[in-house]
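Q: The structure's right below; bear with me while I get my questions together.
The values are calculated or read from the model by the stated rules, or taken from the named source; none is laboratory data. Keep in mind the model is a prediction, meaning the values are calculated, not measured. Glycine also receives a Cβ, built like all others from the backbone with ideal geometry; neighbour counts cover every protein chain displayed.
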């Protein structure tokens with residue numbers, strides 16, 4: 001089941017920000033520390049890229065929430081946003097390279113004014129589109145028709161839902177988030193999401209409450225389906241269990257609590273070489289709001305650009321006719337978050353994905 005973490009939250013209450021209907025609880029500015037100096041010297045097995053089939057695009061770091069586990073350090077005050085010219089570049093790349101999947105993330109990606117144009121144009125090309133949705137965005141003023149738009153475009157929704165218990169979700173993501181998330185899931189179900197016969201895919205994402213590995217994905221998924229179904233009438237397709245990365249906001253919390261080194265040691269001790277074949281960075285590239293390319297979203301947040309030859313930073317515009325298969329992937333201590341235990345990726349546990 002979702003763990004009941006009774007430890008006192010080290011974060012402090014703040015004002016409500018401008019996004020109703022819940023209160024943001026996790027200001028981190030007072031103790032944000034860079035985790036990269038602690039991760040850089042940690043050795044990780046060398047890995048190389050395979051065939052590119054997924055373009056993950058971060059369209060901006062602005063979000064209506066400020067969650068304690070967020071590896072993006074997203075929040076209402078962030079101003080970075082992908083512009084229309086870069087969105088056009090993304091669409092041209094999808095067409096030129098015949099990319100099968102567009103994975104749109106943020107922040108809350110739906111807040112980008114070009115989000116719907118990007119989604120519509122990609123779907124018109126026949127590209128499978130995934131929206132990494134925080135659910136509460138469905139109640140933000142101006143987004144009242146968002147759920148219907150996503151359903152009309154047959155967008156796969158990957159929704160953050162770190163527990164099925166109110167107290168755990170609100171502790172991690174903010175007061176009122178659990179209730180807003182339940183309403184969002186019910187709205188999506190009413191449109192056909194989460195029901196096998198409709199083809200509208202709704203997947204949920206679980207993150208541990210603290211510095212621990214996720215539980216077995218299949219067993220936790222069964223718990224989620226039972227509890228959310230019995231208590232709220234909610235259905236969904238799959239649950240993805242993701243390990244928390246010791247970077248950005250979550251990494252800063254670990255440092256503040258004196259838990260960074262123990263957590264990193266836990267990840268390293270649980271490393272399994274067999275997970276290396278399935279890590280997402282082999283088949284995915286991450287693009288930031290400016291159009292620069294990274295091996296994964298986590299490297300983007302650490303500002304570790306994809307290296308190509310002697311070039312320290314690569315722009316998406318440079319890869320239209322370049323095959324990066326075989327390119328070495330930039331690795332460090334945080335990468336153990338993807339290979340520990342059952343493994344972790346944007347599509348959940350690697351162990352179960354391989355079955």
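Q: Within the range 301-355, how many residues are in a strand (DSSP E or B), free of Cβ contacts under 8 Å to residues at least 60 places away in the same chain and under 19 Å from residue 246 (Cα atoms)?
A: Number of matching residues: 1.
Q: Answer with yes or no whether residue 117 is more than 24 Å from residue 92 (Cα to Cα), out of contact with any strand residue (DSSP E or B) (no Cβ under 6 Å at 6 or more places or on another chain) and in a helix (DSSP H, G or I).
A: Criteria not met by residue 117.
Q: Looking only at the range 290-304, count how many residues are surrounded by fewer than 20 Cβ atoms within 10 Å (Cβ to Cβ) and either closer than 19 Å to residue 104 by Cβ or more than 18 Å from the chain's Cα centre (by Cα) (or both).
A: Count: 2.
Q: I would also like to ask the following. Within the range 95-110, can you find the residues that are over 15 Å from residue 123 (Cα atoms) and either touching a helix residue (DSSP H, G or I) at 6+ places or on another chain (Cβ under 6 Å) or assigned to a loop (DSSP other than H, G, I, E, B) (or both)?
A: 106, 107, 108, 109, 110
Q: Mind counting the residues in the range 223-259 that are within 21 Å of residue 349 (Cβ to Cβ), touching a helix residue (DSSP H, G or I) at 6+ places or on another chain (Cβ under 7 Å) and in a helix (DSSP H, G or I)?
A: Residues flagged as within 21 Å of residue 349 (Cβ to Cβ), touching a helix residue (DSSP H, G or I) at 6+ places or on another chain (Cβ under 7 Å) and in a helix (DSSP H, G or I) within the range 223-259 amount to 0.
Q: Still on this model: So, of the residues in the range 120-134 that are part of a loop (DSSP other than H, G, I, E, B) and at pLDDT 95 or above, which turns out to be surrounded by the most Cβ atoms within 10 Å (Cβ to Cβ)?
A: So the residue we want is 127.
Q: Sticking with this structure for a sec: Taking the conditions exactly as written (surrounded by fewer than 18 Cβ atoms within 10 Å (Cβ to Cβ), in contact (Cβ under 8 Å) with a residue 12 or more places away in the chain and over 21 Å from residue 83 (Cα atoms)), does residue 268 satisfy them or not?
A: yes
Q: Hey, does the range 59-72 have a residue that's within 17 Å of the chain's Cα centre (by Cα) and either surrounded by fewer than 19 Cβ atoms within 10 Å (Cβ to Cβ) or at pLDDT 95 or above (or both)?
A: Looking for residues that are within 17 Å of the chain's Cα centre (by Cα) and either surrounded by fewer than 19 Cβ atoms within 10 Å (Cβ to Cβ) or at pLDDT 95 or above (or both), one finds at least one in the range 59-72, hence yes.
Q: When residue 188 is evaluated against the numbered criteria (1) modelled with pLDDT of 95 or more; (2) in contact with a helix residue (DSSP H, G or I) (Cβ under 9 Å, 6 or more places away or on another chain); (3) outside any helix (DSSP H, G or I); (4) crowded, with 18+ Cβ neighbours inside 10 Å, which criterion, by number, is the only one it fails?
A: (3)
Q: For residues that are over 21 Å from residue 217 (Cβ atoms) and not in a helix (DSSP H, G or I), scanning just the range 157-178, find the one that is modelled with the highest pLDDT.
A: 176
Yes or no, residue by residue, for (1) crowded, with 21+ Cβ neighbours inside 10 Å; (2) modelled with pLDDT under 95:
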| site | (1), (2) |
| --- | --- |
| 201 | no, no |
| 211 | no, yes |
| 225 | no, no |
| 229 | no, no |
| 232 | no, no |
| 244 | yes, yes |
| 257 | no, yes |
